[in-house]
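Peer 1: Dropping a structure here in structure tokens format, bear with me for questions.
The values are calculated or read from the model by the stated rules, or taken from the named source; none is laboratory data. Predicted model, so just to flag it, every value in this text is computed and none were measured. Heads up, the Cβs are rebuilt from the backbone with ideal geometry, glycines too, and the neighbour counts pull from every protein chain shown. Side chains are part of the model used for accessible areas, which takes the heavy atoms of the whole protein and leaves out ligands, DNA and RNA. Shrake-Rupley method; radii C 1.70, N 1.55, O 1.52, S 1.80 Å.
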Amino acid sequence: MIEPAQLLYFIAASAALTLLPGPDIIFVLTQSISSGKGAGIATACGLCTGLLFHTTAAALGVSAIIYKSAFAFTVLKYAGAVCLLYLALRAIQEGDRFISSVSVREYGAPLLYKRGVFMNLLNPKVSIFFLAFLPQFVNAGAGNVPLQMVFLGCVFLIQALAIFFLVSVFAGHIGTRLMGRPGIGKYVNRTKAGVFMIIGLELALSQR
């Protein structure tokens, strides 16, 4: 349905957008540094699972409804902001501990995966982004536009997951080196809390 050259251009544009310092990549980065690469990868998998919903929503036109409905947009963005502020509070409560140094069972991958899913689903700007971005690469003459959008959304998801995986490994390595320094956990967790708080407030104050 999509010419190879157009597909390569889409992948390049998607990778550039994924690498921009947005909420998702910052979320993966902070989780990886403070909790290890496994936590970052679990979070990334959750975030990318959320992209499946946004892709489907864009293909079916649900994103357009969210964009047009001030109430739906407001409910989603405030729910997302509250979720992020809660995570900021939890980060402060962690004190000087690195989560990766505590029991894996206490802070398991399933919890981090769910956090990633909710983080992505509760950000209405992602739905609007997909609604605006994907149609630019759709070939209307090829027919079945929704299927094309789903295909493009899946390609976006795969490249995002690959980039998040590399970020998790790199940031996790940094976190491992930091763990050997006494008292550094407090500053890492405070920084993580600050990042979550900033992203949450930015989401709460965002406009359509």
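Peer 1: Exactly one condition in (1) modelled with pLDDT of 85 or more; (2) out of contact with any Leu (no Cβ under 7 Å at 6 or more places or on another chain) is false for A39; which is it?
Peer 2: All conditions pass for A39, except number (2).
Peer 1: Here are the criteria: (1) assigned to a helix (DSSP H, G or I); (2) more than 18 Å from N123 (Cβ to Cβ); (3) at pLDDT below 85. Tell me which single one A79 does not satisfy.
Peer 2: The number of the failed condition is (2).
Peer 1: Against the definition (under 10 Å from T55 (Cα atoms) and surrounded by 15 or more Cβ atoms within 10 Å (Cβ to Cβ)), how does L161 come out, yes or no?
Peer 2: Considered against the rule, which asks whether it is under 10 Å from T55 (Cα atoms) and surrounded by 15 or more Cβ atoms within 10 Å (Cβ to Cβ), L161 comes out as no.
Peer 1: State which residue is farthest from G40 (Cα to Cα) when the search covers only the range 171-201 and only residues that are charged (D, E, K, R) and at pLDDT 70 or above.
Peer 2: This residue is R190.
Peer 1: Give me a count of the residues in the range 5-45 that are outside any helix (DSSP H, G or I) and open to solvent by 60 Å² or more (accessible area, probe 1.4 Å).
Peer 2: 2
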